[in-house]
Structures are given as structure tokens and as C-alpha cells.
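*Asks:* First the structure, then my questions, so here it is.
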Amino acid sequence: MATTARGRSSAPHRRHDADDQLGLALDAPLVCGEVERWAVEQGLSSLIGLDEAGRGPLAGPVVAAACALPWPCPVAGLNDSKQLTEARREALFDQIVEHAIAFGLVLVEPDVIDEINILQASLLGMAHAWAQAVEAAPGLATAVALVDGNQRAPLPATVDQRTLVKGDARSLNIAAASILAKVARDRYMVAADCDYPEYGFGRHKGYPTPQHQAALNAHGPCPLHRRSFRLAFPAQPPASPQRDGAEP
């Protein structure tokens, strides 16, 4: 379902204040769907959300997703993927795929992350995911693109693009993209566990847990590890010897 993005992103990335772009108060309580309601009030008829999963792990791809949902949204319970249980994300994944106008899923492999850095790899993946969704539904080329965070993706200059801090907790379209990306990446890492069982990818999904750090110290990196990330960790110090007379 997901494709792989390769290549260098040469588009400049400028910092943007999401609240300046959308007129939403970031200090107000976060309500998933507030962006879509704002868009209706502004007369914006079409939105597409962009997000990623897997910027922090030591191993595996970063996965980017784009998703455009109809309004009113037929999928209940959407929220930032990090706030949902694995079982809930899996259930929502299937509903999103069923009801989305279109979506895109793109894997950006570790060698590309090492070449252009994790931020640029994430943004590049979002651009490829956007293009994938637009290929499936060409009308989305004129949709407002909502990008989670404060960095623009290298989309065509004609695209009305808005960055949105904490967008996955405020926009249904971004939340849907975040769930697609998270589930797709988790499934990838579970499959990778069969190829590299000594690392425990199925449990920690490549994140720097103590178990993963110990496996790296014992076995060194595998082809899925990001060589531009810190992969060497000091061994845990031995327990301090007891002093004479100390209680056990």
C-alpha cells in the first residue's frame, strides 16, 4: 500500500506560525475537528492533511501520509495517533481507508534519512504522499494542504499550504494522516522483527528503549538502523558493591 520515496528535497523550508495562518488560538483547549469547522466558516471546501510517524526511532523508515476526508466526517473518534491505543488505531485505519476521498502512504528509508536528515526526509515523504493522494483524486490539487508542525513540505508553489502546530489534535484530516502513518510504520517494524529478531523491533518499533540499546551494544547496527543517529550507548554500570556492615 505504501510506496518508497527517494531523492533530495531542494525546496526551502521556512518557519511559520500556525496560528497566524489559521487564526486559531493555540492556548485554547485542543479540539480535534476545530480546523474543519473553521474551514467551513471560511468557505474552504476541500482540505488534505499531512503528517508523519517515526522521526524519533533509531531504526526503520519514517512514514508519511496524506489524507482527505469528506465533511461531515464519517469516522468517529479521530485524534492524535499517540493518544490512541494500538487496537483503536488499527480499527480507525480500516475506517479511514474505507471513507477517505483519497490518501497516500510513503516510506522514506533509513539511507535517505541519513543523506538528507530526518526533518527533510519527513517533509519529502509528505510531499510524495500528497502527490499520491492527488493522483488518486485530482481535484485535491486545489485543496488546502494542512501540514502538522511548523515546517512546510516541498509541495508545488500553487498549493495553498498551511502549517499547524499540534495539528494532529486539532484537525480530523491531519489526525487521520497520523493514524495511517503510525499503523503503517508499526506494521513494517513488526514484519522487520522476523528478519532481525535479535533487536526486538516488534516490541519497541525501533525507538531507543533500554532493550534496543542493549541489543545495539551486543550486535551492532543492522541495515535498518539510521547511521546518522547515535547508535552507541554506555553499558549499564554494575551494581555498587555493598560496604561492610551494610544491610543486604
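The values are calculated or read from the model by the stated rules, or taken from the named source; none is laboratory data. Predicted, not measured: the structure shown is a model, and the values here were computed from it. Every residue, glycine among them, receives a Cβ derived from its backbone with ideal geometry; neighbour counts consider all protein chains shown.
This table checks each residue for (1) of a type in the set (Lys, Arg); (2) modelled with pLDDT of 70 or more; (3) in contact with a Phe, Trp or Tyr (Cβ under 7 Å, 6 or more places away or on another chain); (4) not in a helix (DSSP H, G or I).
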position	(1), (2), (3), (4)
Arg8	yes, no, no, yes
Asp19	no, no, no, no
Leu24	no, no, yes, yes
Val35	no, yes, no, no
Trp38	no, yes, no, no
Glu41	no, yes, no, no
Leu44	no, yes, no, yes
Arg55	yes, yes, no, yes
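*Asks:* Turning to a different aspect of this structure: How many residues does segment 26-76 hold that are farther than 23 Å from Gly104 by Cβ, in contact (Cβ under 8 Å) with a residue 12 or more places away in the chain and out of contact with any Gly (no Cβ under 8 Å at 6 or more places or on another chain)?
*Replies:* Of the residues in segment 26-76, 5 are farther than 23 Å from Gly104 by Cβ, in contact (Cβ under 8 Å) with a residue 12 or more places away in the chain and out of contact with any Gly (no Cβ under 8 Å at 6 or more places or on another chain).
*Asks:* Just to be sure before I move on: is Val165 among the β-branched types (Val, Ile, Thr), surrounded by 14 or more Cβ atoms within 10 Å (Cβ to Cβ) and out of contact with any His (no Cβ under 9 Å at 6 or more places or on another chain) in the structure I sent?
*Replies:* Yes.
*Asks:* Report yes if Ala68 is among the aliphatic types (A, V, I, L, M) and closer than 23 Å to Met189 by Cα, otherwise no.
*Replies:* When the stated conditions are applied, Ala68 does not pass them.
*Asks:* In the list Tyr188, Tyr207, which residue meets the criterion of being in a loop (DSSP other than H, G, I, E, B), of a type in the set (Phe, Trp, Tyr), in contact (Cβ under 8 Å) with a residue 12 or more places away in the chain and out of contact with any Asp or Glu (no Cβ under 7 Å at 6 or more places or on another chain)?
*Replies:* Values: Tyr188 fails: in a loop (DSSP other than H, G, I, E, B).
Among Tyr188, Tyr207, only Tyr207 is in a loop (DSSP other than H, G, I, E, B), of a type in the set (Phe, Trp, Tyr), in contact (Cβ under 8 Å) with a residue 12 or more places away in the chain and out of contact with any Asp or Glu (no Cβ under 7 Å at 6 or more places or on another chain).
*Asks:* Sticking with this structure for a sec: Looking at segment 74-88 only, could you name the residues that are surrounded by fewer than 17 Cβ atoms within 10 Å (Cβ to Cβ) and either in a loop (DSSP other than H, G, I, E, B) or at pLDDT 95 or above (or both)? Give the steps one after another, and end with the answer.
*Replies:* Of the residues in segment 74-88, the ones surrounded by fewer than 17 Cβ atoms within 10 Å (Cβ to Cβ) are 74, 76-77, 82-83, 85-88.
Of everything in segment 74-88, those that are surrounded by fewer than 17 Cβ atoms within 10 Å (Cβ to Cβ) and either in a loop (DSSP other than H, G, I, E, B) or at pLDDT 95 or above (or both) turn out to be Pro74, Ala76, Gly77, Thr85, Glu86, Ala87, Arg88.
*Asks:* OK, next. Here are Ala131, Ala59: which of them is crowded, with 22+ Cβ neighbours inside 10 Å and either among the small types (Gly, Ala, Ser) or under 23 Å from Arg187 (Cα atoms) (or both)?
*Replies:* One residue alone meets the criteria, Ala59.
*Asks:* Separate question: Can Val134 be described as among the β-branched types (Val, Ile, Thr), more than 15 Å from Glu52 (Cα to Cα) and either in contact (Cβ under 8 Å) with a residue 12 or more places away in the chain or not in a strand (DSSP E or B) (or both)?
*Replies:* In short, yes.
*Asks:* Now for a separate question. Identify all residues within segment 32-56 that are surrounded by fewer than 18 Cβ atoms within 10 Å (Cβ to Cβ) and among the β-branched types (Val, Ile, Thr); write none if there are none.
*Replies:* Listed by number, the list holds a single entry, Val40.
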